Amino acid sequence: MNQESSPSDHTGGQDSLLLLKTLQSLWTKKEMNKQLKEETRRGFAALEDPLAGLLDMLESSSDWKGKGQSLGYYITNELQLWIKEHPAVQQSGLRLKKLQARVFRILAQSQVNLLDPLIGIFQLRTADQNSLLGHVGHVYHKGKYKEAAILSIKLNLQLELDVEKMCTPLLLQEKTNLVEAYVAEYPDLQCKLLQTLDMWCEPNFNTTDLSRQYQGLRPNKLNHKMLSKLVFRLLEQYNLDPVLCPNVINQRHLGSLKYLFYKRFVEKTMTQENWADHVQNTVGENRWLQEQLIQLLVSYCDLNTAARWALRYSLPEETLPYGVADELQKLKVQERVEDAESTVDDYEEDRKEGYYQIPIPRENIHFLQTWEGILRWREKVLQPGQVVGIDMEWRPSFGVVGKPRVSVMQIAIEEQVFLLDLLQLLKPDEMEELSHFVQTLFSDPTIIKLGYGMSGDLHSLAATCSAFKEMNKQVQGIVDLLAVDKQLQKCWRKSSLQVDVLSQEKSCGDRRFRQPERGLSLLVQHVLGKPLNKTEQLSNWEKRPLREEQILYAASDAYCLLEVYKKLCEDPLGFGLCSDLTESLVAKPTTKHRAKKQLNQQEMPSPSKQQAKVIGMAALRPPPSVSPKEFSVVCDNMLQGLGRHLRCLGVDVRMLENDDNHRKAAEIARQEGRVILTSGLPYQTLQSQVGEGRCFSVDCSEKAKEQAFQVLKHFNVQVSLADVFSRCQLCNCDKYLKISKDQMRQLMQFSGLLTEEDNAEWLAKSEEKQKTNPASDTSEFDYPQPVYNPNCQWLEDSDLNVETMTLATGASLQLAAIPPGVLGKADLSYFYCCTQCGKVFWEGSHFGRVVSQFKEAFGTAEGSQSFYELS
């Protein structure tokens with residue numbers, strides 16, 4: 001074999017080496033021009049066997065083994081184009097097999113950009129499959145797992161290889177994109193991949209031990225939480241049955257159980273009946289989950305309660321925790337088995353005190369299950385000028401795969417509430433009449449529809465029935481009180497006035513522990529004086545008949561909207577709203593899944609003196625202003641979305657990993673002088689571990705963008721235009737290397753990521769675009785676009801090693817992530833390379849959108865005219 005592969009053993013070998021020297025001379029002088037191309041093609045024509053000549057040249061040089069564009073890649077690419085013009089030179093039969101045997105050794109050392117040309121030139125997809133599999137195995141056993149996988153994909157060998165063996169090292173290196181590409185076209189492989197991932201999610205499985213089986217792999221960051229997220233994403237992406245992944249599903253159900261215990265025994269915001277119903281549905285017939293339930297009952301309740309549930313599920317005594325088996329024996333002897341949910345809480349009777357009560361008689365609440373029942377009230381509901389409160393309820397999914405299905409739609413008008421049972425009304429014989437009624441209601445602009453987070457409700461309604469899929473595009477006359485709520489909160493924050501939290505806590509003091517109100521309940525408390533009782537919120541809304549408590553809760557949720565709206569309209573200025581409340585808020589809800597702000601563009605008035613007197617708090621002076629570069633935070637792992645928004649605005653942000661303990665935030669804060677941003681229960685622990693004012697609890701009911709506004713306002717962080725994207729969004733570094741578009745084009749050509757043909761094509765498109773529509777690059781927006789000029793540190797051009805594409809900091813430029821089409825944008829001038837991770841950014845429409853979204857956060861010192869400049 002070695003003798004066959006020697007360049008001197010075939011005619012033309014010396015000629016190919018002479019051609020190589022000639023091309024090397026031109027390449028060294030960087031004369032990548034017409035002369036180099038002509039000489040290359042002239043050399044091909046002169047060779048007796050151009051394919052063998054290519055192998056001679058590749059075997060005699062090594063520049064093609066490194067990253068970036070090389071002479072070897074250039075010659076290979078040119079030969080592929082030349083063969084298309086001269087197909088007669090292609091080989092076949094025994095001669096082709098010999099050439100294929102030689103090219104295998106080159107493939108083992110070549111970069112990805114050489115694979116396609118070599119596979120095409122030497123027709124490797126038609127080669128002997130055993131030879132191809134042997135070559136892939138050789139590459140794999142050398143520890144080149146990524147290269148083996150890529151080659152398998154290029155040669156369509158996935159079905160012939162063990163998917164677990166091929167994908168395991170890739171997953172351990174967190175190369176999930178390559179794994180998804182590997183199984184993309186093969187459903188059987190997708191199932192096997194998910195079964196492998198599910199096996200890794202067994203409680204005692206250790207991925208660190210697994211990584212030690214593969215040479216050259218560093219300790220991986222994979223944990224059960226990350227694997228679980230990946231499994232659920234792939235299940236949905238490939239539309240596979242969750243039964244394939246019992247470990248992940250069990251762990252998700254166990255998480256649901258723990259959440260139910262927290263809601264019931266810590267927050268105490270769920271009734272016993274609701275809790276027991278959800279526990280039974282979550283556990284089902286799964287013996288492992290039943291045993292986990294008993295363990296949780298022992299921790300949260302008592303042995304007797306745990307024994308009652310163990311008896312219900314007929315669990316063997318040997319599987320029960322210490323003490324539960326004895327209690328179980330006592331129950332059997334007494335022969336008095338009561339339902340586990342029969343116990344009555346001593347605090348449930350007085351739970352109604354201090355909560356909003358619907359002010360209409362019980363007979364005015366109607367549970368409608370037939371079209372005839374709706375028909376009786378149809379005309380009154382659809383009366384022009386009517387104000388209607390609308391809400392929807394569905395069974396909580398607790399994170400299980402699947403979309404929520406609306407079970408009950410509540411419609412409230414003055415003195416009446418109608419609960420529409422969609423489980424019955426959406427059956428085929430009733431569906432047409434119901435859908436027409438609902439669409440008429442939502443599309444009539446003369447009827448004001450009140451909701452709270454209406455967009456989310458409409459999205460769930462669309463997922464419930466195909467008849468409602470396009471309804472969100474037709475709705476008119478919507479008043480989303482979520483927008484009012486956010487406007488009120490912003491108004492209070494703006495004047496440094498807060499809701500009377502102290503009085504709220506005092507009023508709750510004699511009603512046992514209760515979590516702070518939020519969402520609609522908090523708005524109702526602000527406006528009407530008492531919050532909503534949300535203990536039925538997580539009910540099983542698909543179970544029939546509905547309990548009386550569920551009916552009253554559902555009716556209250558819709559009717560309170562009418563009362564809140566009426567109160568706000570009576571004195572909008574007293575609540576800090578504009579005088580014409582209806583005109584400013586009636587709008588279409590957004591079509592996205594989450595509710596968006598629907599605020600008017602007028603300046604929001606400050607709270608009135610009367611309101612300040614009622615709240616009883618004087619305006620506080622804000623802290624001294626700081627710039628984003630002077631403000632550094634550490635975000636708890638539940639606030640990564642907030643962290644990304646703040647980093648986008650130039651704040652120095654560190655974020656905990658998903659599996660980090662919350663206490664790590666305190667360690668980082670103390671060591672690096674950062675402020676902790678957290679939410680919920682961890683706040684109580686973390687605030688005691690750092691100095692006063694160095695831990696801030698974020699409202700977890702808000703979206704990440706609103707949380708960012710909240711943090712900036714609280715700490716008086718003054719953001720300027722130059723702060724936007726002044727830090728790398730990936731690694732938080734604030735030092736860039738600035739590269740012009742022409743320089744970047746040359747670097748991509750040199751790296752083999754941009755051929756001359758691509759370059760010519762994009763240049764032609766850019767020139768044509770400029771000729772046909774010179775203003776097209778700026779006409780995407782109706783307003784002048786801000787100029788990107790980040791306030792950061794800069795690396796000198798001399799710190800870039802062009803041959804290795806690395807910076808003086810050791811970072812490798814991620815040029816492969818740049819789409820070639822970006823270079824064809826006429827309005828693009830520069831690229832910005834992170835000096836820590838090598839990520840490459842470029843100016844685009846995203847910058848303008850971010851500036852527009854966060855314009856309220858920009859410091860007033862710059863003036864409102866300064867952060868939009870014509871480019």
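Mind listing just one residue for me: the one in segment 809-830 that is among the hydroxyl-bearing types (Ser, Thr, Tyr) and surrounded by 15 or more Cβ atoms within 10 Å (Cβ to Cβ) and, of those, farthest from Met748 (Cα to Cα)? Filtering segment 809-830 for residues that are among the hydroxyl-bearing types (Ser, Thr, Tyr) and surrounded by 15 or more Cβ atoms within 10 Å (Cβ to Cβ), the one farthest from Met748 (Cα to Cα) comes out as Thr809. For segment 646-662, the set of residues classified as assigned to a loop (DSSP other than H, G, I, E, B) and either open to solvent by less than 10 Å² (accessible area, probe 1.4 Å) or touching a helix residue (DSSP H, G or I) at 6+ places or on another chain (Cβ under 8 Å) (or both) consists of Leu649, Gly650, Val651, Leu656, Asn658, Asp659, His662, listed by residue number. Residues that are out of contact with any Leu (no Cβ under 7 Å at 6 or more places or on another chain) and more than 19 Å from Ile119 (Cβ to Cβ) within segment 50-64 comprise just one, Ser62. Any residue at all in segment 239-248 that's closer than 19 Å to Asp302 by Cβ, under 29 Å from the mean Cα position of the chain (by Cα), assigned to a helix (DSSP H, G or I) and not aromatic (Phe, Trp, Tyr)? No; the residues of segment 239-248 include none that is closer than 19 Å to Asp302 by Cβ, under 29 Å from the mean Cα position of the chain (by Cα), assigned to a helix (DSSP H, G or I) and not aromatic (Phe, Trp, Tyr). Restricting Lys530, Lys506, Lys596, Lys534 to those that are modelled with pLDDT under 90, more than 29 Å from the chain's Cα centre (by Cα) and open to solvent by 50 Å² or more (accessible area, probe 1.4 Å) reduces the list to Lys506. Listed here are the helices (runs of 4 or more DSSP H) enclosed by segment 106-197 that have at least 1 residues being within 30 Å of the chain's Cα centre (by Cα), on the phi < 0 side of the Ramachandran plot and surrounded by fewer than 21 Cβ atoms within 10 Å (Cβ to Cβ): 112-121, 145-154, 163-172, 176-183. Select from segment 273-291 the residues that are closer than 22 Å to Val248 by Cβ, of a type outside the set (A, V, I, L, M) and open to solvent by less than 50 Å² (accessible area, probe 1.4 Å) and list them in ascending order. Result: His278, Thr282, Gly284, Asn286, Gln290.
Looking only at residues in segment 37-70 that are under 30 Å from Met744 (Cβ atoms) and modelled with pLDDT of 85 or more, the one that is most open to solvent (accessible area, probe 1.4 Å) is Glu38.
Against the conditions (1) open to solvent by less than 30 Å² (accessible area, probe 1.4 Å); (2) more than 33 Å from the chain's Cα centre (by Cα); (3) at pLDDT below 80, Cys491 satisfies every one except (2).
Against the condition within 27 Å of the chain's Cα centre (by Cα), under 25 Å from Phe841 (Cα atoms) and not in a helix (DSSP H, G or I), how does Phe725 come out, does it pass? Criteria met by Phe725.
The residue of segment 611-633 that is modelled with the highest pLDDT, among those that are touching an Asp or Glu at 6+ places or on another chain (Cβ under 9 Å) and more than 16 Å from His714 (Cα to Cα), is Lys629. Here Met270 clears all of (1) hydrophobic (A, V, I, L, M, F, W, C); (2) open to solvent by 50 Å² or more (accessible area, probe 1.4 Å); (3) in a loop (DSSP other than H, G, I, E, B) except the condition numbered (2).
Restricting attention to segment 172-220, the residues being closer than 19 Å to Ala149 by Cα, touching a Ser or Thr at 6+ places or on another chain (Cβ under 9 Å) and of a type in the set (Phe, Trp, Tyr) number 2.
The values are calculated or read from the model by the stated rules, or taken from the named source; none is laboratory data. None of the values given here were measured: they were computed from a predicted structure. All Cβ positions, even for glycine, are placed from backbone atoms using ideal geometry, and neighbour counts span all protein chains on display. Ligands, DNA and RNA are excluded from the accessible area calculation, which covers all protein heavy atoms including side chains. Shrake-Rupley method; radii C 1.70, N 1.55, O 1.52, S 1.80 Å.
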